[in-house]
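As structure tokens, the structure follows; a few thoughts come after it.
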Amino acid sequence: MTQALALIVDDEPDILELLDITLSRMNISSKPAQDLAEAKRLLKTHHFDICLTDLQLPDGNGLELVKHIQKNNPTLPTAVITAFGSMDIAVKALKLGAFDFVSKPVDLKSLKSLVSSAIKINDPTEPVDRRSRDQLLGDSVVMANVRAKIAKLARSQAPIYISGESGTGKELVAKLIHEKGPRSHQAFVPINCGAIPQELMESEFFGHKKGSFTGAIADKPGLFQTASGGTLFLDEVADLPLHMQVKLLRAIQEKSIRPIGSDTEQPIDVRILSATHKNLPQLVEQGSFRQDLYYRINVIELPLPALRERAEDITQLAKHILKKLNAENNSPTKLTDTALKTLAQYTFPGNVRELENILERAFTLCENGIIHQTDLQLPNNTKDAAAQTSGIKNPAQKTSLPSQEAPLEDYLDSLEKEAITNALEKTRWNKTAAAKELGISFRALRYRLKKLGLND
């Protein structure tokens, strides 16, 4: 590989010299520019692998240069050097397409890590991961757009906020962004923010020193240290308590952390991706989520569509999931055309995760390796069965519709329980006859009885 070439833009000779020396030690040559005009001239005559620019220039600012590069050479990773306390401008630069930022006084270790990551983006020797189409299935236009955004966002180091309903694949998307970016060789560390006890949260995130509190018998690295050089995925970030939101904000802004019991700050090199199924803007308005943290993690938002918004992908997804189940269980199980059609017409409030659960259940309960419509046990089918077997014209008359407090699953379970109980009573608790009455297999009935707690 030929020696990489960097464009360094700053009106301070000392900074230019420092950057030049640092890059040369990384076997990267550089071309200096002291103003915006000179930088634009050099961009016309040279092929650069990275651009480092100060924000304040004599004839303009670094944001103008970021815009210029994005318009004329969008594959060139550009990092901005910001003054202390200029985080808002740094965020603006990231929104405009900057690769990353580094704050003055420049930490050389962080700078080297940034440059190494940037160089990898266009390195022809780096393997290109093309698996996103296989992992993020769907031929719909909306999914094609999501895959295109993932490919683009993977080239940046900007914090990404992945929004969408539960079950839409937010962690999968976060992992794809990591795998397709320059940090792919480093750790991808996912964490569910709602699963960590509040009293342990600071230690889990930032680590602690031996003896810092009762039970701290040894130094323990936190999630930021574990993800060093890689990506930290904060799932269900809306569940963070306010005191941790403050500490997380500082870590993102300063790119440094302080373990519990430590007197010194530790620089961190971590890309932050976050997600939640909750409405973060609404939580900000309510005061339960800090506005400043919201703007820091939501430099770029990537919304994921609900499965009902891409219904044309359901058949493909169902076949893919069943193929996986068959491979894992050495089985030739198939879906009938009627079953596939029924799935395609269902709204899937639980999205892809619900589709997976439905097919796993049907795979277990079906007979003779064929999944019929009845094996799916979709909620709509359940309600119809309840009406047919119990003689109830309108099931909602006996079981109230779910409220916001009552989960949909509980409501559906109550309908199913009522239908099964009625069928058992009608057949004097003859389970074989009850299964026939309900239009399901004896095996399926036995499974439902156990799940619903109706066993003898």
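The angle between the Cα long axis of helix 351-365 and the main principal axis of the chain comes to about 40°, on a 0 to 90 degree scale. What is the list of residues in the stretch 55-80 whose amide nitrogen lies under 20 Å from a point 7 angstrom out from the Cα of residue 256, following Cα to Cβ? In the stretch 55-80, the label zone of residue 256 (backbone N under 20 Å from the point 7 Å along Cα→Cβ) covers 80.
Stokes-Einstein diffusion for the stretch 206-272, with the hydrodynamic radius set to the Kirkwood value over Cα pairs and evaluated at 25 °C in a medium of 0.890 mPa s, equals 194 µm²/s.
Across every pair of non-identical alpha carbons in the stretch 107-263, the mean reciprocal distance, once inverted, gives a Kirkwood radius of 17.4 Å.
Only aspartates and glutamates eight or more places from residue 323 in sequence, or on another chain, were considered; those with a Cα closer than 14 Å are 134, 356, 360. Within the stretch 4-121, the proportion of Cα pairs with more than 26 Å between them is 7 percent. Relative to its residue count, the chain spans a Cα convex hull of 191 Å³ per residue.
Per-residue ellipticity at 222 nm, computed for the chain from helices alone with -39500 (n - 2.57) per DSSP H run of at least four residues, works out to -14000 deg cm²/dmol. Among the listed pairs 71/255; 104/170; 92/152, give every one whose C-alpha distance is greater than 26 Å. Flagged as over cut-off: 71/255; 104/170. Summing charges over all other residues whose Cβ lies under 14 Å from the Cβ of residue 31, with Lys and Arg as +1 and Asp and Glu as -1, gives -3.
For the residue pairs 210/247; 180/210; 44/120; 334/417, the alpha carbons lie more than 32 Å apart in 180/210.
For the stretch 159-228, the mean projected area of the C-alpha convex hull, equal to one quarter of the hull surface, is 5.9 nm².
Across the chain, the relative contact order, built from alpha-carbon pairs under 8 Å that are at least six residues apart, equals 11 percent.
Computed from the coordinates by the stated procedures, all read-outs in this text should not be read as laboratory data. If you're wondering where the values come from, they're calculated on a predicted model, not measured in any experiment. Quick reminder, even Gly has a Cβ in these numbers, built from the backbone with ideal geometry, and neighbours come from all protein chains shown.
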